[in-house]
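What follows is calculated from the coordinates using simple rules that are stated; it is not laboratory data. Here the structure is a predicted model, which is why all the values come from computation and not from measurement. For neighbour counting, all protein chains shown are included, and Cβ atoms are generated from backbone atoms with ideal geometry for every residue, glycine included.
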């Protein structure tokens, strides 16, 4: 059993939208089409800069009907982990990169009476994925995009294809001029709000909405959760008599499998219990839903598919 | 090998449904070990594995045409067996795309899907269908997109909407079900829908399964096998028609038990859908008589042991106490007590005549 | 028998205003807010209250203040529901809707709330009044009101029905199945559950 394999994509086109914004279009290296992109979905790109491997998530901005290419928009950020800078400065059309299957953790709610979209800066990207889907559904929506003054025309251009007859506004006057409380207080019953942008904006939307009586289940923030990665560690497999290094972007189970050891597993998502393995030494950072709080506290079992070591070394009975 | 369809077989009245030897060997036997208890037995739904029923995303076997005809008959009698709440229209199109693309990829000899932008043409050769339509425009199909495609697939399907950290069964095509009612259950949350299942709630099975399914990823479908037993090869064991099929249960005798009683297996598959973020849940039903099971040495030993030792609450929920002992008595002399291999594979290549 | 262990059956708790809400509307099936429907120390004035008088000579509702402490009286449940639909259609986010009454009333309220876009997190229900059940015959779809026994005869199809604890919030009803389907005539004695 293996999880979905990453696939190779070729850079088809790079368009400079603004000095710090570039749109990258990818196509499948081996021909054919991509899976239908999920609305609000993102892809994980593996970027190899010499020995350094970065895995960065980017929202897909191409519509679900477009499967010949996947588009992302990347903003060059000064203090980035290196991914945006690598894409902006080192990647050229024709280059081949590794991409993982698209994932959606930021989805439109089908029962919403109205969708209120709030984007801040590059947080416009998932909104660009939502818009064609909302249009296709004939759904009621309203979009507010916060931008710096120089970004206003860029964002207006990106939003223009969806703007006819819709409430779409780009605010260039800064956060202070944006009446968030007024906006949230006049929304009809059954509205869902979706926000993507700087944490300060997402927190402001969440706290303002809560103060106005919005239930948590109707406030949606973009997040790239469900991560199995973490600090690297060493796992000693006692029965097999070997040791494996678990890299930061690899699960314990993947490292065990890479070493050729046949480890039990089923769901690979921390639910089924199949991969529960006795933990002989060391402490686990439990990330599964299978073990009870008591079992986690007892520290005698670890779920290899999602959990990691809390520390440099563990010994498991495998 | 091209499958030979058997369009005339029936799942009611005359019950002419029969399995060929090849079809018996591809039966997804549901017990990987000699005893049974509820568990979250979910695994990735990848092509391959211990049974040929796992070779395709949506399995098509020799009963395809007959099952589609039986479905049409149930729907003619009771159109409410297919219902989708209005907010699930996007999930309907997602389902149509998912099923059509996979059928066409897995069975190019039977199904073809061609696209020119949003103008799609679907060809279903076994059922003699050719349909051109505009993807996203429901009025270009003879019925709703979900009903349209699930009329052309074996097994039941439901649509789960994801919201409020829960899943709601907000649509379905349910004509081959093990005693649950779509009309009654539509709109229920995950826990409510599974409300009548004993023991599993206390074991936390549903809470864990829900958490797992909420994180189900697009492009990474999963599956599990579930089982019950049915008297006669009847697909429609709905609560609606319980007065019709209920008397079958009292018709089992030691003489006819092997032919009458069928192991009913559900191959349950779950797909995250892209546009809607809903989950398409396939509940594919396979029926095999105890007499056919007895032709496979590993399966007859194991079925004997499972039924002999089954928790009485599970037996009651599955509705089998009336004839459970008769099945055990039939299988007991066929169980030589030898060990069985782990897993569900039949361990034989050919059914002995 | 009275607890079949089925988890779809709703449970209820006395009401108190949800501190996270901005408006609090309580609809009750009776002329007064039943005391047992409110949590200890909570007064009806914590809510805007709508009641049902069950008489025709109720003056038409004046333009009321939509605020805690105000009370509006309706002639019938149907009358109240029609006003509720209109009200929900023009409400804004932040509303919490509460209901007190018999079980079928509560889930009839829920149906209207859901249609207006309210989620389960924005509603709360307290059971008050008779415990008799609304029951749905799964075979012929007839609804029967006021069922107090474990087994009864369906007025639609004549089947002897056993009432399961399986509850549909959408239908606001329990499911009933024929008790003697397997061996016709084998009908156990009915048990009085809610005398």
For this session: Beyond 36 Å, what share of the Cα-Cα pairs of the protein assembly as shown is found? Please give it as a whole percent.
Result: 55
For this session: May I ask for the equivalent-ellipsoid semi-axes of region A:7-99, computed as the square root of five times each C-alpha gyration tensor eigenvalue and listed largest first in whole Å?
Result: 20, 15, 12
Problem set entry | Number of partner chain Cβ atoms within 10 Å, mean per residue of C:108-121 | 3
Problem set entry | nm² value of the averaged projected area, convex hull over the Cα atoms of chain C | 12.4
For this session: Compute the long axis of helix B:321-331 from its Cα atoms, compare it with the longest principal axis of the Cα atoms of chain B, and write down the angle in degrees, 0 to 90, nearest 10.
Result: 60
Problem set entry | Peptides ranked, highest mean first, by Cβ atoms within 10 Å: ranges A:249-262, A:156-169 | A:249-262, A:156-169
For this session: Using Cα centres only, tell me the gap between region A:301-318 and region B:268-288 in whole Å.
Result: 33
Exercise. Which distance in Å, rounded to a whole number, links the C-alpha centroids of region C:137-168 and region B:176-228?
Worked result: 25
Problem set entry | 20 Å tail of the calculated P(r), region C:55-125, as % of Cα pairs | 31
Problem set entry | Shielding by partners - mean other protein chain Cβ count within 10 Å, residues of B:219-226 | 3
For this session: For region B:21-334, state the average projected area of the convex hull of the C-alpha atoms over all orientations, rounded to one decimal in nm².
Result: 15.6
Exercise. So what's the angle, to the nearest 10 degrees on a 0 to 90 scale, between helix C:103-115 and the longest Cα principal axis of chain C?
Worked result: 60
Exercise. In vacuo Debye scattering of region B:111-255, one point per C-alpha: log10 I(q)/I(0) at q = 0.10, 0.12, 0.13, 0.19 Å⁻¹?
Worked result: -0.51, -0.72, -0.83, -1.28
For this session: Calculate the all-directions average of the projected area of region C:135-190's alpha-carbon convex hull, and give it in nm².
Result: 3.6
For this session: For helix A:199-211, report the angle its Cα long axis makes with the longest principal axis of the Cα atoms of chain A; keep it between 0 and 90° and round to the nearest 10°.
Result: 80
Exercise. With the Cα gyration tensor of region A:72-146 giving a ≥ b ≥ c as the square roots of its eigenvalues, does the rule (a/c under 1.5 for rounded; else a/b larger than b/c for prolate; else oblate) give rounded, prolate or oblate?
Worked result: prolate
For this session: Provide the FRET efficiency to the nearest 0.05 for the residue C:57-residue C:157 pair, computing r from the beta carbons and using R0 = 35 Å.
Result: 0.30
Problem set entry | Per-bin percent of Cα-Cα distances, region B:267-353 [10 Å] | 14, 36, 29, 14, 7, 1
For this session: Determine the distance separating the Cα centre of region B:1-56 from the Cα centre of region A:157-236; give it in Å without decimals.
Result: 47
Problem set entry | Scaled radius of gyration (Cα, divided by 2.2 N^0.38 Å) that region A:114-221 gives | 1.00
Exercise. Kirkwood Rh, Cα Rg: Rg to Rh for chain A?
Worked result: 1.01
Problem set entry | Calculated on alpha-carbon atoms, Rg and Dmax of region A:233-316 in Å | 11.4, 32
